[in-house]
Each structure stands twice: as structure tokens, then as C-alpha cells.
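Encoded as C-alpha cells, the structure appears first; notes follow it.
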Amino acid sequence: MLFRHSEAWYGLRDTAPLLLTIAPLAASFGALASDQGESPWLILLCSTLVFAGAAQLIAVGMLAVDAPLELILLTTLAVNCRHLLYAFSLIGHIAHLPKRWQAALAFVLNDETYAVLSQRPPSQSFHHYYLASGLAAWGSWVMGTGVGVLLQQQLPETVLRQLDIVLVLTFICLVVPTLHNRSRWLCALTAAAAISQCWHWPMGSGLLFSAVIAIAVGITMHMHNQKTKEAC
Amino acid sequence: MDLLLIMGMAILTFATRYLPFALSRNLTLPTSWKPLFGYVSIAMLTAILTQTALIRDAQLQLSVDNFMLLAALATTFCAAIGMPRSLSFAAGLSVFLLLHQLN
């Protein structure tokens, strides 16, 4: 089979627009950590092994105020709790794979890859699609960090931040077409309303709380609708 | 930043991603749960995109001065009325660039 007709190719193709948002965020991390006097090799090692954007940026901020190691690790755990939800929802596609595949796929799980995976119908080669998407995101994250370390202050912060627009519009294009009933709309609206109230909560807890509340509201409405249908 | 911190962060991050996969063989989820997982992606992605669009300079910017919000609303409208993804994306991006030009 030609590569351009393979699931791996589709994974790369679908993830490509989102790399525009990953690289600038990574560059911000690289520049920020480098500006604080961290070793370029450790910064690159961190992005290569950890590969967790929000947690890494928060860790740099905490290191700047000499936060203890335990607190940084606890924060990392709290910020990354959303990955538990992602991984649970992917179990159906992953359970039959060998452990080494599961480990590789777990390593590259991130927000952007999950966004494209959630739109992909199940197939025999779903894991190829997943791995290609995840590796593209990981490569973009590591390279972006390298660029940030190299360029440091030369990167215009305002331009980097405006690139967030790509993430916002892409996620909308992924989410809105899936809102084909009231319970799904209610779930999305609840998430938006909740995060606008608790975005400032510490350690990313606002994000997790908003998502959990929205999932609960969506599922409750979904079950209510199912019961109503069965009763009719 | 030292090696211990990096290794600790790497292990914790990997653990949160791998744990459900590791349990997947021993965990049989009822098929009726399958549609419910769709709500995970809707909730999480909506929360992330809303936070990105509304929080600028560590402040909630729920005003017409927030061009990202206006662009997001344009894309949401286009996607909601059934326009193709590429056109919905282009519409939002056009609004964003146009507002920046006019400003």
C-alpha cells in the first residue's frame, strides 16, 4: 500500500495544522527556561522525555520561585489528570495491542492528537494513525523547544501568542460537527461556562473540573433521553 | 531543573497516560458505555479552546476587543450550520485577520 493511502499518512495529514500551535508553545517553553539559565541540554531532555506542554510551562514558572521538587511533581500529576480521561476513552481501540504498542501510544498521547483521534472512526490500523499523529506532535514539541532555546529573546511573544487562534478554530471545527443532539450541545456549553468561571484555579484543576462537570451533565441528559425514548 | 525533576515529571506524565491502557485487558467496559466516551472529547476540547480564546494576559476577556473570541464565534456559527470544516476554519481566520487589519 502506498504510504499516502495509509492510516499513518492520514494521521500526519490531520495533525499537520495543529503542529502550528504546538511549536510556538514549545518555543515559549524553550525560551523561558533558557532565559532562567537552565542548561539547553536539560531543557531539550525535558521536552523529549516529558512531552507535556502545560506541565512543563508551569514547572518552569515554579522553578523561578524556587518551589520544592515535591510540589512541582504534584502539580505535574494534577495538570496531567486529563490524560487519564483521554486514555480511558481510547481503551476500546488499544486493548488488543501488545504492551510495547500500548506504551508507545501512551507516551505520545497529548491534547492535539486526542482531538484528531476523537474524530477518527475505528479501523484495523487505528494505532498507525494514532502513532503517526502522536509522533508528529512530539517531534514538533522537541524541535519547537530547540528553536526557543536557540532564539530566546528574539521570538516576538505577541506573534507566538496569536498563533493560538489555529488551536481554537481547529478544535471548534472538530467539536461542533459532533454536536448532533441536545445532550452534546449541553455538554459543550457547560464546559465553556464552567471554564470561564474556574480558569484561575490552581494546577489546571479548573480545566479538569469543568470537563468532569460537563461530562456528567452530558451523560445525565443522554441517559434521560434514552429512558424517555424507551418509555415511548 | 535537574535530572531528578525531569525523570519524576516524565514518569508521572507517562503513568497518567499508560495506566488505563495497562488495565485495559482486565477491564471489560459495557458496550452501552461506548457512546458516553464521546462526551469526554467534547468536554475536554471545549474547555481547552474556551480557555485559550477567553483568557488573555491572565484575565477573562469577554468583550468585542477579544478578536480571538469573535473569530471563534464566526467559526462556531459556520460549523453549526453545516459548512465544511475548511470553510468554517477559513471564515474564523478571515474575521481574525480582518479585525487585526482594521484595528
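The values are calculated or read from the model by the stated rules, or taken from the named source; none is laboratory data. Everything numeric in this text was worked out from a predicted model, so none of it was measured. Please note: Cβ atoms are built from the backbone with ideal geometry, for glycine as well, and neighbour counts cover all protein chains shown.
When the residues of segment A:63-72 are filtered to those that are of a type in the set (A, V, I, L, M, F, W, C) and more than 7 Å from every other protein chain (Cβ to nearest Cβ), which remaining residue is surrounded by the fewest Cβ atoms within 10 Å (Cβ to Cβ)?
Quick first cut of segment A:63-72, residues of a type in the set (A, V, I, L, M, F, W, C) only: A:63-65, A:67, A:69, A:71-72.
Restricting the remaining residues to those that are more than 7 Å from every other protein chain (Cβ to nearest Cβ) gives A:64-65, A:67, A:71.
Numbers: A:64: 12, A:65: 6, A:67: 14, A:71: 11.
Ranking the qualifying residues of segment A:63-72, first place goes to A:65.
Conditions (1) among the polar types (S, T, N, Q); (2) within 15 Å of residue A:179 (Cβ to Cβ); (3) surrounded by 13 or more Cβ atoms within 10 Å (Cβ to Cβ), marked per residue:
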residue	(1), (2), (3)
B:38	no, yes, yes
B:45	no, yes, yes
B:56	no, no, yes
B:61	yes, no, yes
B:64	no, no, no
B:76	yes, yes, yes
B:101	yes, no, no
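Quick one: would you say residue A:55 is modelled with pLDDT of 85 or more, in a helix (DSSP H, G or I) and under 15 Å from residue B:6 (Cβ atoms)? Please lay out each step first, then the result.
On the way: modelled with pLDDT of 85 or more: yes; in a helix (DSSP H, G or I): yes; under 15 Å from residue B:6 (Cβ atoms): yes.
Criteria met by residue A:55.
Which of the residues spanning segment B:74-103 are under 23 Å from residue A:116 (Cβ atoms), aliphatic (A, V, I, L, M) and assigned to a helix (DSSP H, G or I)?
Of everything in segment B:74-103, those that are under 23 Å from residue A:116 (Cβ atoms), aliphatic (A, V, I, L, M) and assigned to a helix (DSSP H, G or I) turn out to be B:74, B:79, B:80, B:87, B:90, B:91, B:93.
Can you tell me which residues in segment B:69-78 are touching a Leu at 6+ places or on another chain (Cβ under 9 Å) and within 8 Å of chain A (Cβ to nearest Cβ)?
B:71, B:72, B:75
Scan segment A:202-220 residue by residue and report those that are within 17 Å of residue A:81 (Cα to Cα) and among the small types (Gly, Ala, Ser). Give the derivation first.
In the first step, residues of segment A:202-220 are kept if they are within 17 Å of residue A:81 (Cα to Cα); the result is A:202-216.
Of everything in segment A:202-220, those that are within 17 Å of residue A:81 (Cα to Cα) and among the small types (Gly, Ala, Ser) turn out to be A:204, A:205, A:206, A:210, A:211, A:214, A:216.
Check off (1) more than 10 Å from chain B (Cβ to nearest Cβ); (2) within 14 Å of the chain's Cα centre (by Cα); (3) not hydrophobic (A, V, I, L, M, F, W, C) for residue A:86 and give me the number that stays unchecked.
It is condition (1) that residue A:86 fails.
Kindly list the number of the only condition in (1) assigned to a loop (DSSP other than H, G, I, E, B); (2) over 19 Å from residue B:22 (Cβ atoms) that fails for residue A:96.
(2)
Name the residues in segment A:114-131 that are touching a residue at least 24 places away in the same chain (Cβ under 8 Å), surrounded by fewer than 16 Cβ atoms within 10 Å (Cβ to Cβ) and more than 19 Å from residue B:46 (Cβ to Cβ), would you?
Pass one, segment A:114-131, residues touching a residue at least 24 places away in the same chain (Cβ under 8 Å): A:114-120, A:122-123, A:125-131.
Restricting the remaining residues to those that are surrounded by fewer than 16 Cβ atoms within 10 Å (Cβ to Cβ) gives A:119, A:122-123, A:125.
Within segment A:114-131, A:122, A:123, A:125 qualify.
Out of all the residues in segment A:190-211, is one or more outside the structural domain of residue A:35 (by TED's automatic domain parsing) and in contact with a Pro (Cβ under 8 Å, 6 or more places away or on another chain)?
From segment A:190-211, those outside the structural domain of residue A:35 (by TED's automatic domain parsing) are A:190-211; that's our starting set.
In the following step, the residues that additionally are in contact with a Pro (Cβ under 8 Å, 6 or more places away or on another chain) were identified as none.
Checked against the condition, which is being outside the structural domain of residue A:35 (by TED's automatic domain parsing) and in contact with a Pro (Cβ under 8 Å, 6 or more places away or on another chain), segment A:190-211 yields no hits at all.
Looking only at segment A:85-102, which residues are of a type outside the set (Phe, Trp, Tyr) and buried (at least 16 other Cβ atoms within 10 Å of the Cβ)? Reasoning before the result, please.
First, the residues of segment A:85-102 that are of a type outside the set (Phe, Trp, Tyr): A:85, A:87, A:89-100, A:102.
Across segment A:85-102, the qualifying residues are A:85, A:87, A:89, A:90, A:91, A:92, A:93, A:94, A:95, A:97, A:102.
Output the number of the condition that residue A:75 fails; it satisfies all remaining conditions of (1) surrounded by fewer than 16 Cβ atoms within 10 Å (Cβ to Cβ); (2) assigned to a helix (DSSP H, G or I); (3) more than 7 Å from chain B (Cβ to nearest Cβ).
Every condition holds for residue A:75 apart from (1).
Find the residue count for segment A:28-58, including only residues that are farther than 24 Å from residue A:70 by Cβ and within 15 Å of the chain's Cα centre (by Cα).
Here is the first cut: in segment A:28-58, the ones farther than 24 Å from residue A:70 by Cβ are A:28, A:30-31, A:34-35, A:40-41, A:44.
Then keep just the ones that are within 15 Å of the chain's Cα centre (by Cα); that gives none.
Counting residues in segment A:28-58 that are farther than 24 Å from residue A:70 by Cβ and within 15 Å of the chain's Cα centre (by Cα) gives 0.
Can you name the residue in segment B:42-68 that is farther than 26 Å from residue A:216 by Cα and assigned to a helix (DSSP H, G or I) and is also nearest to the other protein chains (Cβ to nearest Cβ) among such residues?
B:68
Looking at (1) modelled with pLDDT of 85 or more; (2) surrounded by 24 or more Cβ atoms within 10 Å (Cβ to Cβ), find the lone condition where residue A:39 falls short.
(2)
So which residues in segment B:15-34 are among the aromatic types (Phe, Trp, Tyr) and either more than 18 Å from residue A:89 (Cβ to Cβ) or more than 7 Å from chain A (Cβ to nearest Cβ) (or both)? Write out each step before concluding.
Here is the first cut: in segment B:15-34, the residues among the aromatic types (Phe, Trp, Tyr) are B:18, B:21, B:33.
B:33, the sole residue that qualifies.
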